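In what follows, a single structure is set out as structure tokens and then discussed.
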Amino acid sequence: MSGLTYYFSLALSAILIENFIFVKFLGCCPFLGVSKKIDTATGMGIAVIFVMTVASAVTNLVNTYILGTTYAYMRTVVFILIIASLVQFIEMFLMKSMPALYESLGIYLPLITTNCAVLGVANLNVTNGLDFIGSVICGSSAGGGFTLAIVLFASVREKLEYADYPKCFEGFPIALVSASLLAIAFMGFQGLSIF
Amino acid sequence: MSSFVKQLKEGILTNNPIFVQLIGMCPTLATSTSLKNGIGMGLAVTFVLMCSNLVISLLRKFIPSKVRIAAYIVIIAGFVTIVDLSLQAYLPELSSSLGMFIPLIVVNCIILARAEAFASKNGPLPSLIDGLSMGLGFTVAISILSTVRELLGSGTIYGLPVFGDGYTPIIMLILPAGGFLTLGLLIALFQHLTRNKEESK
């Protein structure tokens with residue numbers, strides 16, 4: 001496949017076909033934890049897109065130029081350190097230069113360190129052998145897929161408040177059952193597969 | 001001895017990481033497609049949890065509280081790398097079917113949560129036991145979930161056929177959607193049972 005088509009299919013695959021939450025089960029904790037309201041879900045989603053894009057770029061460079069195959073066994077340790085410090089750095093940067101954005105994203109940023117979607121996308125980029133541009137595209141569109149999923153799910157959960165269901169389903173069980181229905185919907189995208 | 005039993009009961013039943021605390025969802029949902037994978041994942045997490053709890057508890061007086069999260073993550077990542085490399089060397093089949101979820105144990109909330117809530121405040125021995133009981137609680141929960149999914153989704157238990165040839169497996173249960181559904185129904189059942197118990201008291 002030529003350049004542009006390849007990157008387009010990469011993005012489409014990361015957003016819909018291989019959706020991080022509904023197909024790969026990455027980032028389920030924040031997905032279930034911060035999806036009670038659409039506003040907070042959107043905030044979390046945007047913060048995740050941001051961190052995943054930057055993290056994909058940095059981990060790709062570090063992996064290509066520093067780790068290589070010689071130090072491949074250090075990958076997990078190095079990647080998680082990069083992500084943790086990156087999150088801290090982004091937090092400080094936003095606090096200083098963009099206070100308005102920090103106000104709205106601030107509380108979500110520390111949570112992202114333990115979001116397995118970020119470490120997951122960094123690892124996937126390496127296993128799939130993506131180049132720098134590919135990694136950045138994959139990171140940002142996987143973040144986009146996460147945002148799409150969490151916002152859709154939050155809007156379902158807001159409606160669930162008024163629904164009438166058996167008492168033992170209160171809280172997480174009913175949320176998981178509705179997530180399952182959304183996952184069935186996302187299975188439809190499997191047919192799009194262009195790879 | 002009684003505190004050991006109490007901690008064990010807490011980890012497996014009253015404060016089960018999956019059914020009660022609802023943390024560590026990603027590996028639970030992703031690797032519970034068969035009992036073999038589920039047990040493998042559960043034991044890997046138990047090992048990392050015990051080791052990290054022990055080391056963090058031993059170092060709890062030396063780690064400055066400002067950088068503690070970063071320090072915990074490095075310790076955890078070290079043990080995860082040990083597990084990852086040993087699985088690749090000795091159990092390559094399990095390693096390839098668990099795939100990327102082995103390195104992702106690093107960001108499993110259970111481990112960081114136990115480090116922060118228990119190991120950083122308690123001595124080495126109770127922390128080790130806490131790691132064992134929480135890890136076993138996770139293993140039990142993921143085994144139950146994967147047994148249900150494997151039994152109905154492919155008609156086998158631990159790879160052995162159960163229902164005979166006439167059974168048409170409900171393939172949906174081993175697909176992602178089935179993971180969410182089965183876990184939701186199991187937690188609902190768990191809540192139903194514990195609530196009945198409370199009411200009858």
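This table checks each residue for (1) assigned to a loop (DSSP other than H, G, I, E, B); (2) hydrophobic (A, V, I, L, M, F, W, C); (3) more than 18 Å from B:Phe101 (Cβ to Cβ); (4) within 14 Å of the chain's Cα centre (by Cα).
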| site | (1), (2), (3), (4) |
| --- | --- |
| A:Val58 | no, yes, yes, no |
| A:Leu61 | no, yes, yes, no |
| A:Leu109 | no, yes, yes, yes |
| A:Thr114 | yes, no, no, yes |
| A:Asn123 | no, no, no, yes |
| A:Gly129 | yes, no, yes, no |
| A:Gly134 | no, no, yes, no |
Fill in: Candidate set: the stretch B:43-80, residues that are aromatic (Phe, Trp, Tyr) and within 11 Å of chain A (Cβ to nearest Cβ); chosen: the one nearest to B:Ala119 (Cα to Cα)
B:Tyr72
Fill in: Hey, B:Leu91 modelled with pLDDT of 90 or more and either over 19 Å from B:Ile12 (Cα atoms) or within 13 Å of the chain's Cα centre (by Cα) (or both) or not
yes
Worksheet item: With A:Ala179, A:Ala154, A:Ala183, A:Ala149 as the choices, which residue is within 26 Å of B:Ala188 (Cα to Cα), modelled with pLDDT of 90 or more and either of a type in the set (Asp, Glu) or in contact with a Pro (Cβ under 7 Å, 6 or more places away or on another chain) (or both)?
Response: A:Ala183
Discussion item. Consider the stretch B:81-107. How many of its residues are in contact with a Leu (Cβ under 8 Å, 6 or more places away or on another chain) and either more than 8 Å from chain A (Cβ to nearest Cβ) or surrounded by 21 or more Cβ atoms within 10 Å (Cβ to Cβ) (or both)?
Written reply: 9
Practice prompt. Just need a number here: residues in the stretch A:176-193 that are within 9 Å of B:Phe180 (Cα to Cα) and either within 7 Å of another protein chain (Cβ to nearest Cβ) or in contact with an Asp or Glu (Cβ under 9 Å, 6 or more places away or on another chain) (or both).
Written response: 5
Worksheet item: Are any residues in the stretch A:46-82 more than 14 Å from chain B (Cβ to nearest Cβ) and of a type outside the set (Val, Ile, Thr), and if so, which ones?
Response: A:Ala47, A:Phe50, A:Ser56, A:Ala57, A:Asn60, A:Leu61, A:Tyr65, A:Gly68
Worksheet item: Among the residues of the stretch A:20-56 satisfying the criterion of being polar (S, T, N, Q) and surrounded by 24 or more Cβ atoms within 10 Å (Cβ to Cβ), which is nearest to the chain's Cα centre (by Cα)?
Response: A:Ser56
Discussion item. If I ask for residues that are in a helix (DSSP H, G or I), away from chain A (no Cβ under 13 Å) and within 23 Å of A:Ser180 (Cα to Cα), which ones from the stretch B:1-35 would you list?
Written reply: B:Leu35
Worksheet item: Looking at B:Leu185, B:Leu132, which is the one that is under 15 Å from the mean Cα position of the chain (by Cα) and either modelled with pLDDT under 90 or assigned to a helix (DSSP H, G or I) (or both)?
Response: B:Leu132
Worksheet item: Within the stretch B:166-197, how many residues are of a type in the set (D, E, K, R) and within 8 Å of chain A (Cβ to nearest Cβ)?
Response: 1
Practice prompt. Determine which single condition B:Phe47 fails, assuming it passes every other condition in (1) more than 27 Å from B:Ser154 (Cα to Cα); (2) at pLDDT below 85; (3) within 14 Å of the chain's Cα centre (by Cα).
Written response: (2)
Worksheet, complete the sentence: If we take the stretch B:40-126, then helices (runs of 4 or more DSSP H) inside it with 2 or more residues that are touching a residue at least 60 places away in the same chain (Cβ under 8 Å) and within 22 Å of A:Ala72 (Cβ to Cβ) are B:92-98
Worksheet entry | Number of the condition not met by A:Pro173 [criteria: (1) more than 14 Å from every other protein chain (Cβ to nearest Cβ); (2) surrounded by 19 or more Cβ atoms within 10 Å (Cβ to Cβ); (3) more than 24 Å from A:Asp39 (Cβ to Cβ); (4) not hydrophobic (A, V, I, L, M, F, W, C)] | (1)
Discussion item. Return the residues of the stretch A:158-170 that are more than 9 Å from every other protein chain (Cβ to nearest Cβ), touching a helix residue (DSSP H, G or I) at 6+ places or on another chain (Cβ under 7 Å) and of a type outside the set (D, E, K, R); say none if nothing qualifies.
Written reply: A:Leu160, A:Tyr165
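The values are calculated or read from the model by the stated rules, or taken from the named source; none is laboratory data. On a predicted model such as this, the values are computed, not experimentally measured, just so you know. Ideal geometry is used to build each Cβ from the backbone, glycine not excepted, and the neighbour counts take in all protein chains shown.
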